[in-house]
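The values are calculated or read from the model by the stated rules, or taken from the named source; none is laboratory data. A quick note: this is a predicted structure, and the numbers were derived from the prediction, not measured. Heads up, the Cβs are rebuilt from the backbone with ideal geometry, glycines too, and the neighbour counts pull from every protein chain shown. For accessibility, only protein heavy atoms count, side chains too; no ligands or nucleic acids. Shrake-Rupley method; radii C 1.70, N 1.55, O 1.52, S 1.80 Å.
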Amino acid sequence: MARIIVVTSGKGGVGKTTTSASFASGLALRGNKTVVIDFDVGLRNLDLIMGCERRVVYDLINVVNKEASLNQALIKDKHCDNLYVLPASQTRDKDALTEDGVEAVLKDLADMGFDYIVCDSPAGIEKGALMALHFADEALIVTNPEVSSVRDSDRILGILSSKSRRAVNGQEAVKEHLLITRYAPGRVDKGEMLSVEDVKEILRVPLLGVVPESQSVLQASNSGTPAIHLNGSDVSEAYKDIVSRFLGEEKTMRFLDTPKVGLLKRLFGG
């Protein structure tokens, strides 16, 4: 049975789409048939980060409105054989999303044999976000280590516990995972940023992983390559660890401490 995972946050710009692309890619690289859906109707960024923007012909709204089939709208990823992208529409209004239509799309994807359906939610609590949250079995709560981002994530946790389909039907609660992005231990040491422990204390959600702040994320986005494919980079290693933990493997939590600088580097730089 397909597992529906929403990648969400209350605040924009925290790295949801970057996470959706890398997380879905990581699941596919591990042999799971995976699809990632962009729910940000009207804006649409997932296809850019996945590097498939020129191949978009039909989108999620076309499928919901039965103007195209899933087979016509799904785009096969360039990097992973088991990964597909279902883009959002740039020209339609968010009200074009209907609960019945989205439910039908998710059911059809499950019938097609997908193991994981990753939903890239827009920020906040508008219709596209609520629709992505509603059907979730599990949720990746993405937050930056700063107060407004964490506070807004707390609001999303409240919506998950009250408005998800599982909550409405009295089923087992959505399984929540915390993912902290753009983490800079040096800034934490200076008191400029919340620590991992601070964020965990506020949100009380099990920590799935920490993604360090890195310029390589921007470079990856600009080249249409999910960050997990930047082999050897800290960001790539962080996302690989996150996928491993999600799949039940034990992985030491990395990127929490300020890197130690040797004497020669302190004296001469470089």
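Rounded to the nearest 10 Å², what accessible area does C80 have for a 1.4 Å probe in the complete protein model?
The accessible area of C80 comes to roughly 10 Å².
Let me make sure I get this right: for region 56-118, a, b and c are the square roots of the gyration tensor eigenvalues over alpha carbons, sorted descending. Under 1.5 in a/c it's rounded, otherwise prolate if a/b > b/c, else oblate. Which is it? Mind showing how you got there, number by number?
Details: a/c = 2.04, a/b = 1.35, b/c = 1.52.
The shape class here is oblate.
What is region 1-150 by shape, rounded, prolate or oblate, if you read a ≥ b ≥ c off the alpha carbon gyration tensor as root eigenvalues and call it rounded for a/c under 1.5, prolate for a/b larger than b/c, and oblate otherwise? Mind dumping the intermediate values first?
On the way: a/c = 1.41, a/b = 1.17, b/c = 1.21.
Since a/c stays below 1.5, the shape of region 1-150 is classed as rounded.
Treat each spin label as a single point 7 Å out from the Cα along the C-beta direction, and report the L207 to D95 distance in nm.
The answer from the label model is 4.4 nm.
Relative contact order of region 153-212, please, whole-number percent, based on alpha carbon pairs below 8 angstrom and at least 6 residues apart. Each step should come with its number before you reach the end.
Numbers: 50 pairs, mean separation 21.8, N = 60.
With pairs under 8 Å counted, the relative contact order is 36 percent.
Given a Förster distance of 45 angstrom, what is the FRET efficiency for D111 paired with K251, based on the Cβ-Cβ distance and rounded to 0.05?
On the way: r = 33 Å, r/R0 = 0.73.
With R0 = 45 Å, the Cβ-Cβ based efficiency is 0.85.
Would you kindly state how much longer the chain becomes between S223 and S148 on full extension, computed as 0.36 nm times their sequence separation minus their alpha carbon distance, in nm to one decimal? If you can, show how the numbers build up before the last one.
Details: separation 75, 0.36 × 75 = 27.00 nm, distance 2.99 nm.
Length difference between fully extended and current span is 24.0 nm.
What do you get for the angle between helix 234-246 and the principal long axis of the chain? Use alpha-carbon atoms, 0 to 90 degrees, nearest ten.
Result, in degrees: 60.
Under a crude label model (7 Å from the Cα following the beta-carbon direction), how far is K163 from S195 in nanometres?
Output for this residue pair reads 3.5 nm.
Go through T8, T252, T225 and list them by solvent-accessible area, largest first, probe radius 1.4 Å.
Values: T8 0, T252 110, T225 30 Å².
From most exposed to least exposed: T252, T225, T8.
Along the charge dipole of region 152-214, Cβ charges K/R +1 and D/E -1, which of L203, A184, S162 sits furthest on the positive end?
It is S162, whose Cα lies furthest towards the positive end.
Which residues' amide hydrogens lie under 5 Å from the amide hydrogen of R182, considering only partners 5 or more residues apart or on another chain, with H built in the peptide plane?
Counting only residues 5 or more places away or on other chains, the set is V211, E213.
How far, in nm, would the chain grow between S244 and R54 when pulled straight, counting 0.36 nm per residue and subtracting the alpha carbon separation? Walk me through the numbers before you get to the answer.
Values: separation 190, 0.36 × 190 = 68.40 nm, distance 3.15 nm.
This chain segment gains 65.3 nm when fully extended.
Using 0.36 nm per residue of separation minus the Cα-Cα distance, give me the extension gain between R155 and A184 in nm, one decimal.
8.0 nm
Give the calculated FRET efficiency between Q215 and K175 to the nearest 0.05, with a Förster radius of 35 Å applied to their Cβ-Cβ distance. Each step should come with its number before you reach the end.
On the way: r = 33 Å, r/R0 = 0.93.
Plugging the Cβ-Cβ distance into 1/(1 + (r/R0)^6) gives 0.60.
Which of S121, S89, S216 moves most in a GNM of the chain, Cα contacts under 10 Å?
Result: S216 has the largest fluctuation of those listed.
Looking at the chain as a GNM with Cα springs under 10 Å, which of G232, G224, G128 has the largest mean-square fluctuation?
Greatest mean-square fluctuation among the candidates belongs to G232.
Using the structure shown, select from K175/K200; K33/K175; K33/K76; K33/K66; K33/K127; K200/K240 the pairs with a Cα to Cα distance greater than 19 angstrom.
From K175/K200; K33/K175; K33/K76; K33/K66; K33/K127; K200/K240, over 19 Å: K33/K175; K33/K66; K33/K127; K200/K240.
Given (i) 14.7; (ii) 13.6; (iii) 17.9 as candidate values of mean projected area of the Cα convex hull in nm², which corresponds to the one derived from the coordinates?
Working out mean projected area of the Cα convex hull in nm² from the coordinates points to (i).
For the chain, set up a Gaussian network in which alpha carbons nearer than 10 Å are linked by springs, and say which option among D59, D100, D40 fluctuates the most.
In this elastic network of the chain, the residue with the biggest mean-square fluctuation among D59, D100, D40 is D100.
Using the Cα centre of the chain as the reference point, and only Cβ charges (+1 on K/R, -1 on D/E), how large is the resulting charge dipole? Debye, rounded to the nearest 20.
On the way: 33 positive and 37 negative charges, 104 e Å.
Result for the chain is approximately 500 debye, rounded to the nearest 20.
Take every Cα pair under 8 Å in region 118-270 that's 6+ residues apart, average their separations, divide by the length, and report that relative contact order as a whole percent. It would help to have the intermediate numbers written out before the result.
Working: 193 pairs, mean separation 28.0, N = 153.
This gives 18 percent for region 118-270.
Ranked from the most accessible area to the least, with a 1.4 Å probe and all protein chains present, what is the order of S162, S221, S25? Provide the component values of the computation, followed by the final result.
Working: S162 70, S221 35, S25 0 Å².
Largest to smallest exposure gives the sequence S162, S221, S25.
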